[in-house]
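Asks: First, the structure itself, so that you have it in front of you.
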Amino acid sequence: MTVTIEALVPAHAADLDRLEERLGYTFTERAYLLQALVHSSWAAENDLPVIGNNERLEFLGDAVLDLAVGAALFHRFPEMREGDLSRLRAALVNTSHLARMAGALALGDHLLLGKGEDASRGRGKASILGCAYEAVVGAIFLDGGHGAAATFVERHFVPLLVQGKDAMLLLGDAKSRLQEECQERFNVTPLYQLELQEGPDHAKLFTVSVRLGDRVLARGVGSSKKEAEQQAAATALRENADFARER
């Protein structure tokens, strides 16, 4: 017999209560929230249809986050240029940052993971946590509309803008900034080299170094090569004396 998300809600009611309190949002249709917690590995092991996992909600939440964060930035920083707005949004919605947001909500404690994924510490993996956070945003959007989703996003993201705008801007498009600095100062383009790739296919971690000639400027780690490259570039800009001047 095929399982449905709606049928599973009563058995998970207490856990959903705790999560709703952490989120600061009460669902009318709790099946949306439960589905946001269902990893594909759990769905496969429990006879749940493929569309019953959280991947579709993740897709929706990604779009909602882009809009809600973009709108928050637009209104909060009226003098900021388009390029800086784009970099700041990119820093706020990348996988590593969303995983930290999920960690602050202890979202990993509520995930429904398959036995193998759970045993391999899936509750702490950035890729799984980031996707789950997006899925929760998508669930709030479906349940309460754009207003509810925007309120949730602003409540969690606006304090971060006040605390760490400059650092986030640096990370948001660090590769472009580092390239500009290297070309201006040394007439050389920095090169990125993949040094390590580990973990299963759906939750890999990449270690990348950024080099200027034979010199290693910095290393970065991320859930994608692109993210690791941005981390490496941001570290190079932040920690190397060559780039210590104001940007």
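The values are calculated or read from the model by the stated rules, or taken from the named source; none is laboratory data. All values reported here derive from a predicted model rather than from experimental measurement. Positions of Cβ are backbone-derived with ideal geometry, glycine not excepted, and every protein chain shown enters the neighbour counts. For the accessible areas, the whole protein counts, side chains as well, though only heavy atoms, and no ligand, DNA or RNA atoms are used. Shrake-Rupley method; radii C 1.70, N 1.55, O 1.52, S 1.80 Å.
Asks: Quick check: net charge around GLY138, other residues with Cβ under 11 Å of its Cβ, Lys/Arg +1 and Asp/Glu -1? The partial results should precede the final answer.
Replies: Numbers: positive: ARG56; negative: GLU55, GLU58, ASP62, GLU134, ASP143.
With Lys, Arg at +1 and Asp, Glu at -1, the neighbours total -4.
Asks: Rounded if a/c is under 1.5, else prolate if a/b is larger than b/c, else oblate: which is region 88-146, with a ≥ b ≥ c the root eigenvalues of its Cα gyration tensor? Working shown, then result.
Replies: Working: a/c = 2.51, a/b = 1.37, b/c = 1.83.
Oblate, because a/c is 1.5 or more while a/b does not exceed b/c.
Asks: Here's another thing I want to ask about it. Which value, in Å to one decimal place, does the Kirkwood hydrodynamic radius take for the chain when every pair of different Cα atoms is included? Don't skip to the answer; put the middle values down first.
Replies: Details: mean 1/r = 0.0516 Å⁻¹.
Result for the chain, one decimal place: 19.4 Å.
Asks: Hey, if you drop one equal point scatterer on each alpha-carbon of region 176-228 and run the Debye formula without solvent, what base-10 log of I(q)/I(0) do you get at q = 0.23 Å⁻¹?
Replies: -0.82
Asks: Testing the spin-label approximation: label points 7 Å from Cα along Cα→Cβ at PHE59 and HIS156. State their distance in nm.
Replies: In this crude label model, PHE59 to HIS156 measures out at 2.1 nm.
Asks: Shifting gears a bit: Could you run the Karplus curve 6.51 cos²θ - 1.76 cosθ + 1.60 with θ = phi - 60° over region 176-186 and give me ³J(HN,Hα) per residue in whole Hz, x for Gly and Pro?
Replies: These are the phi-based 3J(HN,Hα) values: 5, 5, 5, 4, 4, 5, 5, 5, 5, 8, 10 Hz.
Asks: Across the chain, how many lysine pairs, 8 or more positions apart or on different chains, have C-alpha atoms separated by under 20 Å? Please give the number.
Replies: 10
Asks: Probe radius 1.4 Å, ligands and nucleic acids ignored: give me the carbon and sulfur share of the accessible area of region 79-150 as a rounded percent.
Replies: Working: 1490 of 2840 Å².
Carbon-and-sulfur percentage of accessible area, whole number: 52.
Asks: Same structure again: Please get the size of the charge dipole for the chain, origin at its Cα centre, with Cβ charges of +1 on Lys and Arg and -1 on Asp and Glu, quoted in debye to the nearest 20.
Replies: The calculation lands at about 700 debye.
Asks: Additional query: I'd like the orientation of helix 95-104 relative to the chain: the angle between its Cα long axis and the longest Cα principal axis, in ° from 0 to 90, rounded to 10.
Replies: Approximately 50 degrees, to the nearest ten.
Asks: With everything on Cα atoms, drop me the angle between helix 13-23 and the longest principal axis of the chain, reported from 0 to 90° to the nearest 10.
Replies: 30 degrees
Asks: Right, next: Subtract the Cα-Cα distance of THR28 and SER224 from 0.36 nm times their separation in residues, and report this length gain in nm to one decimal.
Replies: Values: separation 196, 0.36 × 196 = 70.56 nm, distance 3.57 nm.
Full extension from THR28 to SER224 adds 67.0 nm.
Asks: Expected output is a single nm value to one decimal: the length gained when fully extending between GLU21 and ALA119, i.e. 0.36 nm times separation in residues minus the C-alpha distance. What is it?
Replies: Numbers: separation 98, 0.36 × 98 = 35.28 nm, distance 2.73 nm.
Length difference between fully extended and current span is 32.5 nm.
Asks: Quick query: amide H of LEU217 versus all other amide H atoms, modeled in the peptide plane; which residues come in under 5 Å with a sequence gap of 5 or more or a different chain?
Replies: Here VAL210, ARG211, LEU212 satisfy the definition.
Asks: Related question: Take the Cα radius of gyration of region 54-155 and divide it by 2.2 N^0.38 Å, with N its residue count; two decimals is plenty.
Replies: Normalised by 2.2 N^0.38 Å, the Cα Rg of region 54-155 equals 1.13.
Asks: Still on this structure: Can you list the residues, at least 5 places off or on another chain, whose amide H is less than 5 Å from the amide H of GLY114, using H built in the peptide plane?
Replies: Sorted by chain and number, the residues that satisfy this are SER41, TRP42.
Asks: With the convex hull built on the Cα atoms of region 1-109, state its orientation-averaged projected area in nm².
Replies: Mean projected area for region 1-109: 8.0 nm², to one decimal.
Asks: Given 0.36 nm per residue, what is the gain on full extension from GLU45 to GLU239 after removing their alpha carbon distance, in nm?
Replies: Values: separation 194, 0.36 × 194 = 69.84 nm, distance 4.63 nm.
The span from GLU45 to GLU239 would gain 65.2 nm if fully extended.
Asks: Further, regarding this structure: Angle, helix 225-239 long axis vs. longest principal axis of the chain, Cα atoms, 0 to 90°, nearest 10?
Replies: Roughly 50 degrees, rounded to the nearest 10.
Asks: Enumerate the calculated ³J(HN,Hα) couplings along region 206-218 in order (Karplus 6.51 cos²θ - 1.76 cosθ + 1.60, θ = phi - 60°), each rounded to whole Hz, writing x wherever the residue is Gly or Pro.
Replies: Each residue's phi maps through the Karplus curve to give 10, 10, 10, 10, 10, 10, 10, x, 8, 8, 7, 7, 5 Hz.
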